[in-house]
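Read the structure below first, then the notes.
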Amino acid sequence: MFDVVVIGGGPGGYVAAIRAAQLGLKTALAEKADLGGVCLNRGCIPTKSLLHAAAMMRNIKDAEALGIHAGQVRLDFNKVMAHKESQVKTLTGGVRYLLGKNGVTLYRGEAEILSPDTVAVDDQKISCRHIIIAVGSSPVKPGIPGMENPAVMTSDEALSLAELPKSMGIIGGGVIGIEMALIFQSFGCATSIVEMEDRIAPLMDKEISGGLEALLKKQGIRIYTGSKVEAIEKGRILCKTGADSLQLPAKKVLAAVGRASNGLKLSLDRAGIAHEKGIIKTDACLRTNIPNIYAIGDVNGKYMLAHVASAEGLRAAENIAEAGRPMDYSAVPQCIYTEPEAAAVGLTETEAAEKGYTLKVSRIPVSANGRSLTEGCTQGFIKIVAEKTGRILGVHILAPHASELITQCVSAIRFRATARELNEIIYPHPSVSELIMEAAHGISGKPIHI
């Protein structure tokens, strides 16, 4: 008899299993495929490996401006992909080691919930007191004529291509579409993005979206917003932008329109677990309608972000071992790993205004930051949205190392800090983090360097 059985070994599931074991619970983890889930194998990590390689190519090509002559730059696509695979194997091996070190029993195979206290993995029945569902999500392919064309792929296949295509059309201008476009355009593949909304990164602050579009276009990526893909044919995408019909070259087509919960693969109805089209309903403590069954990560539909899944995994395990505490989603960071990076937390300016706040908004351009200039970055900004008292409501960054800078801003929002309190911190100089200081000065008084 196990205290906890976790179904799914992604960034939510394996973290939940390790924490449950650390808290003294006899724990099992069931995984049918790769430990680390989509994030380590077909998402966050392999994408960042390829983005790093793409950035290296761009930086080498631009090095002449610094007086560094590197000669002709040549891409070995197969070696780039092999390097990515080696990094993935290192990290997934690390997950396997950590599970063993913490005494988690690993079951390999397809899991099924037979009852609130029984999980089957292939032909093995496992008795348990609690279940944590962490089965993640899968890419969605929209119902567009020609979607069955063999040239059409999702991000899963794009990250394991055997050769670099000459052209690629990307359907969807969200995080996945943007990052994939930057990778393949940098590698020499002519890339286009088609987005139905009036801007790419439509969930980000409008100024971030505009800044990202300018950066991508500067790299040669063609972007068509307010556009609808009408059909996919051999070697091209047919789409419509307003009254104009366009034919975009596309030896490969990437469907990057979102992801759908894998919940329906678990026979949720038979198990009596409440859901809506596979998205499992949970309370604030991540319990389903069956009190001893929890659901975390993409499958509960709250945030399809690896770091949220991990946080929920920790909380679910702790709620099983100790008194239940609700999740706090008041300060969830979101990042796009372009160059420079984009990151955000809290309310956008539009959202804050719609909620009726009297706002103070401060914007500081990257060009006012010495460290950014030394790294050759002059495009981007930081924007702080605060209420009239100076309490910070949202921070939006398009700058070098934005994915690292945003953590301080997450803390500021989580602990209801004011801009004046941020100004009381001494920031290292020179550093990109000084942008936060300057923007905070713009809320509480006046910035120094602009």
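The set of residues from region 16-44 being at pLDDT 95 or above and part of a loop (DSSP other than H, G, I, E, B) comprises L23, G24, L25, K26. Restricting region 269-304 to residues that are exposed (fewer than 14 other Cβ atoms within 10 Å of the Cβ), of a type in the set (D, E, K, R) and over 16 Å from G324 (Cβ atoms), the residue that is modelled with the highest pLDDT is E276. For G442, are the conditions met, namely being among the small types (G, A, S) and surrounded by fewer than 16 Cβ atoms within 10 Å (Cβ to Cβ)? The answer is no for G442.
Listed here are the strands (runs of 3 or more DSSP E) enclosed by region 333-388 that have at least 3 residues being surrounded by fewer than 20 Cβ atoms within 10 Å (Cβ to Cβ) and outside the structural domain of S49 (by TED's automatic domain parsing): 359-365. For A28, the stated conditions do not hold, so it cannot be described as small (G, A, S), more than 20 Å from I176 (Cβ to Cβ) and surrounded by fewer than 16 Cβ atoms within 10 Å (Cβ to Cβ). Is it the case that I392 is touching a strand residue (DSSP E or B) at 6+ places or on another chain (Cβ under 6 Å), of a type in the set (V, I, T), assigned to a helix (DSSP H, G or I) and buried (at least 21 other Cβ atoms within 10 Å of the Cβ)? In short, no. Criterion applied to G324, G313 was being within 20 Å of K32 (Cβ to Cβ) and either touching a residue at least 24 places away in the same chain (Cβ under 8 Å) or within 28 Å of the chain's Cα centre (by Cα) (or both), and the one residue passing it is G313. Only one entry in L266, L286 is in contact with a Lys or Arg (Cβ under 7 Å, 6 or more places away or on another chain), assigned by TED's automatic domain parsing to the domain that holds A134 and of a type in the set (A, V, I, L, M), namely L286.
Right, T47: farther than 27 Å from R315 by Cα, modelled with pLDDT of 95 or more and not assigned by TED's automatic domain parsing to the domain that holds F187 or not? It is true that T47 is farther than 27 Å from R315 by Cα, modelled with pLDDT of 95 or more and not assigned by TED's automatic domain parsing to the domain that holds F187.
For every residue, the table says whether it meets (1) part of a helix (DSSP H, G or I); (2) touching a residue at least 40 places away in the same chain (Cβ under 8 Å); (3) outside the structural domain of A342 (by TED's automatic domain parsing).
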{"residue": "L161", "(1), (2), (3)": "no, yes, yes"}
{"residue": "L164", "(1), (2), (3)": "no, yes, yes"}
{"residue": "G177", "(1), (2), (3)": "yes, yes, yes"}
{"residue": "T191", "(1), (2), (3)": "no, no, yes"}
{"residue": "R199", "(1), (2), (3)": "no, no, yes"}
{"residue": "P202", "(1), (2), (3)": "no, no, yes"}
{"residue": "G211", "(1), (2), (3)": "yes, yes, yes"}
{"residue": "K217", "(1), (2), (3)": "yes, no, yes"}
{"residue": "K228", "(1), (2), (3)": "no, no, yes"}
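With respect to the conditions (1) assigned to a strand (DSSP E or B); (2) out of contact with any Cys (no Cβ under 7 Å at 6 or more places or on another chain), V4 lacks only one, and its number is (2).
The values are calculated or read from the model by the stated rules, or taken from the named source; none is laboratory data. As the structure is a prediction and not an experimental result, all values here were calculated from the model. Note: ideal-geometry Cβ built from the backbone for every residue, glycine included; neighbour counts use all protein chains shown.
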